[in-house]
Amino acid sequence: MSLGYAEKLSFIEDVGQVGMTEFFDSAHVLQDKIEQLAKLIEKSRHLVVFTGAGISTSCGIPDFRGPKGIWTLQREGQPLPEASLPFHRAMPSMTHMALVGLEKAGILKFVISQNVDGLHLRSGIPREKLAELHGNSFMETCPSCGAEYYRDFELETIGLKETSRRCSDEKCGAKLRDTVLDWEDALPPKEMNLAEKHCRMGDLVLCLGTSLQITPACNLPLKSLRGGGKIVIVNLQKTPKDKKASLVIHGFVDKVIAGVMELLNMKIPPYIRIDLFQIILSQSLSSDKKFVNWTIRIASVHGLSAPLPFIKSVEVKLDFCTSLFMRTVLTETFEIFLNLSLVMDAVALTLGLKFLLIFRIQSKVLNLTRMPHWERCAMRQLKIRNAGRSAVVERKTVLVPKSEITVHAMLRMLKHLSTN
Ligand SMILES: [Zn+2]
């Protein structure tokens, strides 16, 4: 989780101001400011949102500079905050999902984030409308061709180091690198340029849950001022940019955003999580060529050795045979039952998959590692009303060794957020 990330960062003496006092506007003042913000959003033509750790604290991810923040406790010589959820189990907050609603409605044009928890992408903000200035714990990139690989497991390293995987483009094959910055790393130019461009175009830059202390990122919102844009800051602590803002709101970000959505008469979309995995069935002929030996593997869509953090255990049942060492005559088909125990937040789910063995080619071989593509593919096949179901999204055969690979998507509605 954020802690893993904080522990991987190198130690430096000066992390800026920490342990800053939190302020809370009175209920009356808060409501008045929420109304002002809703009006500003309604009038805006190019809304840009700039986010920091404060929007993920309600997801169980500690911030850095709050009274119980990571840097605050570290500088006081205290143990780091209790390990909460690992990043891969953290779910988007009400704010993350409200931003998805605003983006889908065409109001929110661009999101700039300093967070590395990957929750904006996971919640459904399109990659092309997002600049992640400090990287993403789930994203690795190819330094040679620039391809991005969005994984469902947290990468092992930070600091733009080589990972254990390679680019899956056959012409390239270069070693991939993680994307999360360590203190001394420069901000990624591609993300910075896009963020700057949108801040200049922005007539409203809404800063959520950031103490606006880390340069040069914290100067981005100011770029909107020259073109007549406005800045609104929602944060519990004071920030060095408060004087430049048209409106400063001291309140919990989730509460402010929920209030705004209600005034705009907009629903906050539910969080639907899609998990993908592949089932690989391989066959080989027995030495007397009378039987077929079968092997079954459950694997990540990111490769055979990639972690599969959301599956806790797999139980295999065959309808006619109690032994896992099995062989069949050549033409026989049979059913395999798989029971997958899933880990998701505090909830343990069990998913039963009935798997009938039939070999056939149904689609072209697709790139198994490009997650956003797979998510779109899964979403097409599994309609919202089917949330909680699972389905085969791709099926292919590989002739040598003779195997059939099916990619399954599990679609689960995990969080229904309402403004009430
Ligand atoms: Zn490459």
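The values are calculated or read from the model by the stated rules, or taken from the named source; none is laboratory data. None of these values were measured; they are calculated from a predicted model. Glycine also receives a Cβ, built like all others from the backbone with ideal geometry; neighbour counts cover every protein chain displayed.
Structure summary
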| read-out | value |
| --- | --- |
| Qualifying residue in the stretch 239-256 (condition: within 17 Å of residue 107 (Cβ to Cβ), out of contact with any Gly (no Cβ under 9 Å at 6 or more places or on another chain) and buried (at least 20 other Cβ atoms within 10 Å of the Cβ)) | yes |
| Residue that is assigned to a loop (DSSP other than H, G, I, E, B), surrounded by fewer than 23 Cβ atoms within 10 Å (Cβ to Cβ) and over 22 Å from the mean Cα position of the chain (by Cα), where the choices are 74, 78 | 78 |
| Which numbered condition residue 179 misses (of (1) surrounded by fewer than 17 Cβ atoms within 10 Å (Cβ to Cβ); (2) within 16 Å of the ligand (Cβ to nearest atom); (3) under 24 Å from residue 112 (Cβ atoms); (4) not charged (D, E, K, R)) | (1) |
| Residue ID - nearest to residue 277 (Cα to Cα), chosen from residues in the stretch 137-171 that are hydroxyl-bearing (Ser, Thr, Tyr), in a loop (DSSP other than H, G, I, E, B) and within 15 Å of the ligand (Cβ to nearest atom) | 168 |
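So that you can scan it fast, the table gives a plain yes or no per residue for (1) at pLDDT 95 or above; (2) over 16 Å from the mean Cα position of the chain (by Cα); (3) crowded, with 18+ Cβ neighbours inside 10 Å; (4) not polar (S, T, N, Q):
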| position | (1), (2), (3), (4) |
| --- | --- |
| 102 | yes, yes, yes, yes |
| 110 | yes, yes, yes, yes |
| 132 | yes, no, yes, yes |
| 168 | no, yes, no, no |
| 172 | no, yes, no, yes |
| 196 | yes, yes, no, yes |
| 202 | yes, yes, yes, yes |
